[in-house]
Amino acid sequence: MRLIVESGQKNRSCTLLPELSVPEYRMEASLLRGQELHLPEVSETEISRHYTALAGRVHGVNNGFYPLGSCTMKYNPKINDEIAAMEGFSNIHPLQPEYTAEGCLEVLKEAEEILTEITGMDAMTFQPAAGAHGEFTGLLLMHAYHTARKDSGRTKILVPDSAHGTNPASAAMVGYTIINIPSTEHGLVDLTALKAALGNDTAGLMLTNPNTLGLFDTNILEITRLVHEAGGLNYYDGANLNAVIGRARPGDMGFDIVHLNLHKTFSTPHGGGGPGSGPVGCKKNLANYLPGNRVARDGENHYLLQQEESVGRVKMFEGNFLIVLRALTYLLTLGKEGMADISGNAVLNANYMMKRLEDTFEVAYPGVCMHEFVLTLEKLKEETGVSALDMAKGIQEYGIHPPTMYFPNIVHEALMLEPTETESKETIDRAVDIMLQLYDKAQNEPERLKEAPINQPVRRLDEVTAARKPILKHSDEEHCETCVE
């Protein structure tokens with residue numbers, strides 16, 4: 001499709017913005033650019049058509065099934081947006097006096113109380129803007145804890161090989177050395193390797209349970225006990241919490257710190273770069289290190305309380321407030337009983353989908369899964385030449401977003417599927433039927449599958465060149481002689 005700068009004509013315009021309501025300000029001439037800025041000059045019709053066309057090239061949960069494993073791409077209830085659009089929430093300013101934002105402070109306090117109950121934690125901050133940001137914040141708490149105890153020799157973080165890729169990256173950002181812990185043949189943490197890695201230099205363990213293979217580690221209590229006995233702390237990556245919510249709590253498993261993904265577990269918008277929210281909860285012995293302010297309650301009044309030994313702010317003000325509000329709306333709509341329905345439906349949908357596929361596809365780790373499962377197409381590729389990428393491209397032809405590919409790294413030719421708790425049996429059945437058809441095509445017409453997708457806006461992109469040599473600026477020789485691609 002054409003870029004918007006390629007549309008329109010000179011002096012074409014439309015009126016979308018209101019008249020200026022503040023005094024006009026003119027910058028000093030020395031601060032102005034010397035070359036005319038090349039901007040699109042388009043009508044309202046052209047603007048509308050351009051963004052409608054862009055929307056048609058994007059696949060989201062409103063377009064169709066989105067079984068992206070480890071990401072929980074599920075439906076966002078519209079009541080969340082209705083509450084977030086209320087004037088008392090949407091028209092506040094972060095610098096206005098606290099007593100004029102009593103309702104907003106109450107939202108943060110109530111969200112903290114519910115989420116700490118769900119996770120088995122004692123305190124929570126909403127400052128982190130995303131999951132990885134929450135990981136980083138949680139590790140800052142861990143570092144502050146060891147520093148306060150003058151235990152500076154603890155420099156290593158243990159991370160299972162099935163972990164999310166952001167776990168070792170976050171630990172490295174805080175200055176820790178990462179020690180990889182291998183998985184057993186059953187996809188669980190190797191206890192022998194864990195014991196060998198533990199020592200006086202262990203700061204902590206980062207782990208998600210169930211893990212990225214969709215497996216609940218049956219040794220979780222022993223794992224967290226061993227880390228505690230070595231003097232380390234246990235960090236829970238909450239990305240997969242929707243598999244156990246209402247049934248098991250990280251705090252009861254022995255974890256000291258947890259980050260949540262409101263966009264994964266609690267139905268807030270996901271993707272597109274944000275806004276996200278990755279709140280971090282902790283046990284009471286770590287609460288004083290939480291970043292920024294916490295909301296305290298005095299009778300019916302609420303106020304902001306600065307943490308005594310805070311690690312410092314990780315984001316301005318109190319985080320992405322309207323995302324927290326959306327999550328609270330979801331929680332209050334479902335209620336306590338509805339929490340268990342989330343995990344029950346997530347596990348049921350994943351096991352149903354896996355059972356329908358396992359007689360044809362090879363499941364990497366057979367047995368009962370939790371919220372997601374992983375297929376391996378390694379043998380299929382050896383027999384037909386059809387790879388996990390080819391299968392994913394074929395799935396696109398049917399208006400379904402492909403599963404996660406080639407992750408986790410310990411599974412070769414991996415396809416990772418998470419149907420989530422919000423999809424119907426009919427949707428899952430259709431997706432399974434399509435995958436079975438594609439498997440037959442791989443056996444009988446492998447070359448056609450290698451050409452997929454054929455009927456999509458774009459086919460197979462040169463992803464390596466796109467990553468290494470991206471075109472960062474539109475070049476228009478008529479208007480710019482020095483534009484850089």
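The values are calculated or read from the model by the stated rules, or taken from the named source; none is laboratory data. None of the values given here were measured: they were computed from a predicted structure. Please note: Cβ atoms are built from the backbone with ideal geometry, for glycine as well, and neighbour counts cover all protein chains shown.
Against the condition assigned to a loop (DSSP other than H, G, I, E, B), closer than 26 Å to TYR330 by Cα, not aromatic (Phe, Trp, Tyr) and not assigned by TED's automatic domain parsing to the domain that holds PRO275, how does ASN11 come out, does it pass? Spelling it out, it is not the case that ASN11 is assigned to a loop (DSSP other than H, G, I, E, B), closer than 26 Å to TYR330 by Cα, not aromatic (Phe, Trp, Tyr) and not assigned by TED's automatic domain parsing to the domain that holds PRO275. Against the test of being free of Cβ contacts under 8 Å to residues at least 60 places away in the same chain and part of a strand (DSSP E or B), the options LEU334, LEU305 yield a single qualifying residue, LEU305. The condition of being of a type outside the set (Lys, Arg), in contact (Cβ under 8 Å) with a residue 12 or more places away in the chain, loosely packed, with under 15 Cβ neighbours inside 10 Å and under 30 Å from TYR75 (Cβ atoms) does not hold for ALA163.
Could you please let me know if THR427 is in contact (Cβ under 8 Å) with a residue 40 or more places away in the chain, outside the structural domain of PRO160 (by TED's automatic domain parsing), buried (at least 18 other Cβ atoms within 10 Å of the Cβ) and touching a Phe, Trp or Tyr at 6+ places or on another chain (Cβ under 6 Å)? No; evaluated as a whole, the condition is false for this residue. Any residue at all in segment 16-29 that is of a type outside the set (Lys, Arg) and surrounded by 10 or more Cβ atoms within 10 Å (Cβ to Cβ)? No, every residue in segment 16-29 fails to be of a type outside the set (Lys, Arg) and surrounded by 10 or more Cβ atoms within 10 Å (Cβ to Cβ). When segment 44-60 is filtered for residues that are in contact with a Gly (Cβ under 9 Å, 6 or more places away or on another chain) and either within 30 Å of PHE407 (Cα to Cα) or of a type in the set (S, T, N, Q) (or both), the ones remaining, listed by number, are VAL58, HIS59, GLY60. Checking each residue in segment 425-461 for being over 21 Å from GLY64 (Cα atoms) and among the acidic types (Asp, Glu) picks out ASP440, GLU445, GLU447, GLU451. Consider segment 245-285 and keep the residues that are in a loop (DSSP other than H, G, I, E, B), closer than 21 Å to GLY344 by Cβ and basic (Lys, Arg). The one that is nearest to the chain's Cα centre (by Cα) is ARG249.
For segment 445-459, the candidate set comprises residues that are in a loop (DSSP other than H, G, I, E, B) and in contact with a helix residue (DSSP H, G or I) (Cβ under 7 Å, 6 or more places away or on another chain); within that set, the residue that is surrounded by the fewest Cβ atoms within 10 Å (Cβ to Cβ) is GLN456.
Of the residues GLY204, GLY103, GLY138, GLY134, which single one is of a type outside the set (Phe, Trp, Tyr), touching a Pro at 6+ places or on another chain (Cβ under 6 Å) and outside any loop (DSSP other than H, G, I, E, B)? Selected residue: GLY134, the only one of GLY204, GLY103, GLY138, GLY134 that is of a type outside the set (Phe, Trp, Tyr), touching a Pro at 6+ places or on another chain (Cβ under 6 Å) and outside any loop (DSSP other than H, G, I, E, B). Residues that are in contact with a Phe, Trp or Tyr (Cβ under 8 Å, 6 or more places away or on another chain) and not in a loop (DSSP other than H, G, I, E, B) within segment 392-414 comprise just one, ALA414. Restricting ALA169, ALA193 to those that are crowded, with 16+ Cβ neighbours inside 10 Å and either closer than 20 Å to ALA239 by Cα or assigned by TED's automatic domain parsing to the domain that holds ASN234 (or both) reduces the list to ALA193. Scanning segment 26-52 for residues that are in a loop (DSSP other than H, G, I, E, B) and closer than 13 Å to ARG12 by Cβ gives LEU39, PRO40, GLU41, VAL42, SER43.
When restricted to residues that are modelled with pLDDT under 95 and either closer than 19 Å to HIS263 by Cβ or surrounded by fewer than 20 Cβ atoms within 10 Å (Cβ to Cβ) (or both), segment 407-421 contains 3. Only one of ALA467, ALA442, ALA414 is under 29 Å from the mean Cα position of the chain (by Cα), closer than 18 Å to LEU377 by Cβ and among the hydrophobic types (A, V, I, L, M, F, W, C). Can you tell me which? Answer to the selection: ALA414.
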